[in-house]
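These notes are about the structure you will find just below.
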Amino acid sequence: MRFSVVAGNGFDQKADALVFPMTEDFQHDRLDKILGGALGSMVRRKTFVGKRGQIASAIVPKGERDLRSGVVVLVGVGKADELDPEAVRKACASGARRARSEGAKSIVVALNDIVRGGEVSARQAGQSAAEGVSLGLYRMDKYKKKDPDRKADINEAVFGGGRASLAALRKGVEIGTIMSEGTSYARELINTPSNEKRPPDLAAMAQRMARKEGLRCTVLDEKQIQKLKMDALLAVARGSGAPPRLVVLEYRPRGSKANPIAFVGKGITFDTGGISIKPSGGMENMTTDMSGAAAVLGAMLSVARLKPRVPVVGVAVMAENMVDGNATRPGDIVRAMSGTTVEIHNTDAEGRLVLADALHYTKTKYKPQCMIDLATLTGACMVALGDKVTGMYGTDDELISRVRNLGEETGDRVWHMPLFPEYGEAMKGKLADLCNISGVRWGGANTAAAFLQHFAEGTPWVHLDIAGPSHTSSSQPYRPPGGTGVGVRILAELAMGWKKLPKQKGKAFGTK
């Protein structure tokens with residue numbers, strides 16, 4: 001899709017549709033006149049008054065010269081003094097999707113009046129609008145026959161804004177486009193069926209992306225993984241005919257000698273649960289159990305294009321959790337790369353095993369300034385927070401605060417969860433150092449995070465349990481059904497605005 005920025009509201013731009021985000025107190029006299037009184041009629045009847053989530057469309061009368069679009073799509077963003085980037089993002093996504101349903105192939109998005117209020121800067125408006133349009137129009141349909149009744153896709157979007165803020169708006173659109181490209185790449189990986197993305201296949205996809213984007217890529221195969229004594233990872237992969245892979249992508253700005261920040265993602269390309277097999281109902285969704293790895297790969301794509309000043313390492317650990325005669329059994333004990341022994345009581349608690357080796361590898365090889373891991377780790381986190389919020393755990397208050405704030409800015413919301421010592425105590429094994437599940441029924445997301453904390457010790461660390469928001473079955477403004485790519489924009493934004501973490505005094509809040 002082609003994006004461009006012009007001065008003004010875009011009324012003079014020739015396009016099939018004009019998307020107009022509108023506040024509740026917008027003075028709509030000119031637009032109402034252009035639409036022959038249709039807007040005023042909607043306001044009087046209260047069918048459209050600019051409230052968040054409201055949407056309406058009107059045909060531009062023939063012969064109208066003040067507006068060169070055929071259809072106007074009105075999208076409410078709420079009160080002007082309560083405007084935020086998420087409202088703009090959702091409105092532009094909904095508006096673009098409505099325009100597409102009207103048959104539009106090109107759109108103009110009017111942002112001048114949004115920026116004029118001052119609650120959202122021109123750069124924020126441009127970025128949010130570009131993300132909304134791009135992510136809202138995303139769809140995964142390469143496995144379907146071409147629908148002859150389907151209207152064509154939108155291939156051009158023009159964003160209109162005031163002359164004084166044009167440079168900032170243009171910069172925002174540029175950043176939003178790159179953030180969306182990383183997120184869409186993650187979605188493509190998540191939505192690819194498991195028979196086409198077994199660990200060697202997914203690793204090859206990452207290699208191709210890295211080559212194209214100029215990232216250094218290292219792929220560790222099963223022999224190299226064995227040599228590194230990553231027996232926790234190997235234990236998960238043992239029941240599969242497809243060997244595991246560990247993929248490392250590296251971005252380093254020219255001249256930088258700083259230690260990197262590191263992102264680590266769980267990439268279970270299909271999860272049967274192993275010997276502790278899952279119920280059959282809904283198991284087809286386990287093709288999304290590599291959403292953490294997809295988020296890391298998508299973030300690295302965006303990082304490569306955004307070119308932040310800090311070095312970044314992305315680690316994606318890939319395995320398939322299957323069942324055969326060689327599969328790991330409940331009761332087995334394995335030794336992780338760190339030397340820690342782990343008693344396996346449930347083979348469906350596999351994500352923490354692969355991450356244990358990936359975290360230790362990343363920590364010891366790259367000595368990062370911080371590590372953030374993402375994983376569809378526990379159903380317990382969904383019980384606690386639902387399917388739209390990510391559970392966040394961490395050991396550094398400043399890093400936790402940055403991730404939380406970025407969650408609000410990007411719309412990928414996170415909620416800080418506790419890591420009290422009792423959760424770590426619950427993960428101690430009887431015959432080994434640790435057990436991969438606790439003997440406690442409740443708090444499964446917390447005990448799983450405490451298990452990972454053991455392998456991240458000594459490095460500022462945040463764990464994001466994305467089990468809930470990693471995919472959706474419902475249609476949301478900029479999250480169509482399927483993989484969402486949650487976390488990509490948080491990671492990329494963190495890298496873009498990176499500042500060295502201050503030395504923490506004492507333990508992080510929630511770990512005491």
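The values are calculated or read from the model by the stated rules, or taken from the named source; none is laboratory data. Everything numeric in this text was worked out from a predicted model, so none of it was measured. Because the Cβ atoms are built from the backbone with ideal geometry, glycine has one as well, and the counts that use them run over all protein chains shown.
General remarks:
- Just one of the listed residues (247, 264, 219) is touching a residue at least 40 places away in the same chain (Cβ under 8 Å) and over 17 Å from residue 352 (Cβ atoms), namely 247.
- Candidates 310, 342, 334, 383 - the one that is closer than 22 Å to residue 210 by Cβ, modelled with pLDDT of 95 or more and over 17 Å from the mean Cα position of the chain (by Cα): 310
- Scanning region 414-464 for residues that are part of a loop (DSSP other than H, G, I, E, B) and either small (Gly, Ala, Ser) or touching a Pro at 6+ places or on another chain (Cβ under 8 Å) (or both) yields 426, 429, 432, 438, 439, 443, 458, 459.
- Flag for residue 409 being touching a Pro at 6+ places or on another chain (Cβ under 8 Å), in a helix (DSSP H, G or I) and either among the charged types (D, E, K, R) or in contact (Cβ under 8 Å) with a residue 12 or more places away in the chain (or both): yes
- There is no residue in region 201-211 that is acidic (Asp, Glu), in a helix (DSSP H, G or I), over 22 Å from the mean Cα position of the chain (by Cα) and not assigned by TED's automatic domain parsing to the domain that holds residue 7.
- Any chance residue 326 is in contact with a Ser or Thr (Cβ under 8 Å, 6 or more places away or on another chain) and of a type in the set (S, T, N, Q): no
- Residue, surrounded by the most Cβ atoms within 10 Å (Cβ to Cβ), within region 79-95, restricted to residues that are in contact with a strand residue (DSSP E or B) (Cβ under 7 Å, 6 or more places away or on another chain) and not in a helix (DSSP H, G or I): 83
- Among the numbered conditions (1) surrounded by 24 or more Cβ atoms within 10 Å (Cβ to Cβ); (2) over 19 Å from residue 241 (Cβ atoms), the only one that residue 311 does not meet is (1).
- Restricting 450, 492 to residues that are more than 28 Å from residue 232 (Cα to Cα), modelled with pLDDT of 95 or more and surrounded by 15 or more Cβ atoms within 10 Å (Cβ to Cβ) narrows the list to 492.
- Which listed residue, of 118, 161, 103, is surrounded by 20 or more Cβ atoms within 10 Å (Cβ to Cβ) and either closer than 24 Å to residue 183 by Cα or not basic (Lys, Arg) (or both): 161
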